[in-house]
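The values are calculated or read from the model by the stated rules, or taken from the named source; none is laboratory data. No experiment lies behind these values; they were computed from the predicted model shown. Here the Cβ is made from the backbone with ideal geometry for all residues, glycine too, and neighbour counts use every protein chain on show.
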Amino acid sequence: MKLLMAANWKMFKKLDEAARSARDLAALVKNLPPDREVVLFTPFTTLRACFEALSSAGAQSLVQLGGQNCYPAREGAFTGEISPDMLLDCGCAHVLVGHSERRALFAESDDFIGKKCAFALSSGLKVMLCIGETLGERDGAMLRPVLERQLAEGLAGVPDAVPAENLAIAYEPVWAIGTGRVATPPDILGAHALIRSFLKRRFPTQGDELRILYGGSVKPENAPEIISLDNVNGVLVGGASLQADSFSRIVFAGHRS
Ligand code: 13P
């Protein structure tokens, strides 16, 4: 199973800066180890510029692109929304669904996230479903029920035979996002084991092969330890992905050439 090293640029970077970062990253990951994949989730407005920057650097297979959200319809009167088809048209292969910022700031429900997940997969995108508990939920011993609810509803419409490479889960504890407070190895091991056991029940044939990423204050300094943990199959990086140099150090974390 390849490690999936993903960058979420959130609402940062205009066209020039995004294209420059994509180009810089392409140069830095030229010798990408064969056991890793790299995906950039960039703002919608910069996807095409990044695609062109990566293509002209000959790096479009080395660094893949994804949208940070999508609407579960092919087209229609949905002002302000972007369809999976439009993401594919911009050169995307992936989409993020259910990021905690969308759940908290835009009131996205598990049911709506589930619809996006199923629709995006059926449209031909690879989906990364984000889940994670708040500090209050963790302190209230709600970790398991919260993660299991987010998984059950988020994956409700996913075909049982979904190919393992088309679906990934990103575990991002809300209290570790943008706070500098990284989850401890026992926190990560516990949550990822719980997610793995859910996936094995939900997808008996390929639950073992689905990638589970950790996200939340991942930095070049802590990435090697995080990716060495059981059931951690990659990372989803916010702040430390904005600089190509720091993200490339995460991409190569723990790799011995
Ligand atoms: P930070 O790496 O900035 O904590 O953000 C994590 C995240 O939300 C990635 O999706």
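Please give the number of the condition residue 123 fails out of (1) free of Cβ contacts under 8 Å to residues at least 24 places away in the same chain; (2) over 26 Å from residue 241 (Cα atoms).
Going through the list (1) free of Cβ contacts under 8 Å to residues at least 24 places away in the same chain; (2) over 26 Å from residue 241 (Cα atoms), residue 123 breaks only (1).
Go through (1) within 18 Å of the chain's Cα centre (by Cα); (2) more than 12 Å from the ligand (Cβ to nearest atom); (3) not in a helix (DSSP H, G or I) and name the single condition residue 25 misses.
(3)
From the set of residues in the stretch 154-178 that are farther than 24 Å from residue 64 by Cβ and hydrophobic (A, V, I, L, M, F, W, C), which is farthest from the ligand (Cβ to nearest atom)?
Taking the candidates together, the pick is 156.
Scan the stretch 197-231 for residues that are hydrophobic (A, V, I, L, M, F, W, C) and within 16 Å of the chain's Cα centre (by Cα) and jot them down. Full working, then the answer.
Narrowing the stretch 197-231 to residues hydrophobic (A, V, I, L, M, F, W, C): 198-199, 203, 210, 212-213, 218, 223, 226-227, 229.
Of everything in the stretch 197-231, those that are hydrophobic (A, V, I, L, M, F, W, C) and within 16 Å of the chain's Cα centre (by Cα) turn out to be 210, 212, 213, 218, 223, 226, 227.
Would you check which residues across the stretch 107-141 are outside any helix (DSSP H, G or I) and either within 29 Å of residue 53 (Cβ to Cβ) or hydroxyl-bearing (Ser, Thr, Tyr) (or both) and list them?
The initial filter retains those residues of the stretch 107-141 that are outside any helix (DSSP H, G or I), namely 107-109, 124-134, 140-141.
The answer is 109, 124, 125, 126, 127, 128, 129, 130, 134.
Could you grab the pairs with beta carbons closer than 6 Å, sequence gap of 6+ or different chains, first residue in the stretch 173-187 and modelled with pLDDT of 90 or more, second one within 9 Å of the ligand (Cβ to nearest atom) and part of a helix (DSSP H, G or I)?
174/100; 183/176
So which of 14, 10, 30 is modelled with pLDDT under 95, out of contact with any Cys (no Cβ under 7 Å at 6 or more places or on another chain) and among the charged types (D, E, K, R)?
Numbers: 14 fails: modelled with pLDDT under 95; 10 fails: modelled with pLDDT under 95.
Unique residue meeting the criteria: 30.
Tell me the residue from 151, 194, 236 that is within 18 Å of the chain's Cα centre (by Cα), more than 15 Å from the ligand (Cβ to nearest atom) and at negative phi, please.
Details: 194 fails: within 18 Å of the chain's Cα centre (by Cα); 236 fails: more than 15 Å from the ligand (Cβ to nearest atom).
Only one candidate qualifies: 151.
Inspect all residues belonging to the stretch 69-90 and state whether any of them is touching a residue at least 40 places away in the same chain (Cβ under 8 Å), part of a strand (DSSP E or B) and in contact with a helix residue (DSSP H, G or I) (Cβ under 9 Å, 6 or more places away or on another chain).
no
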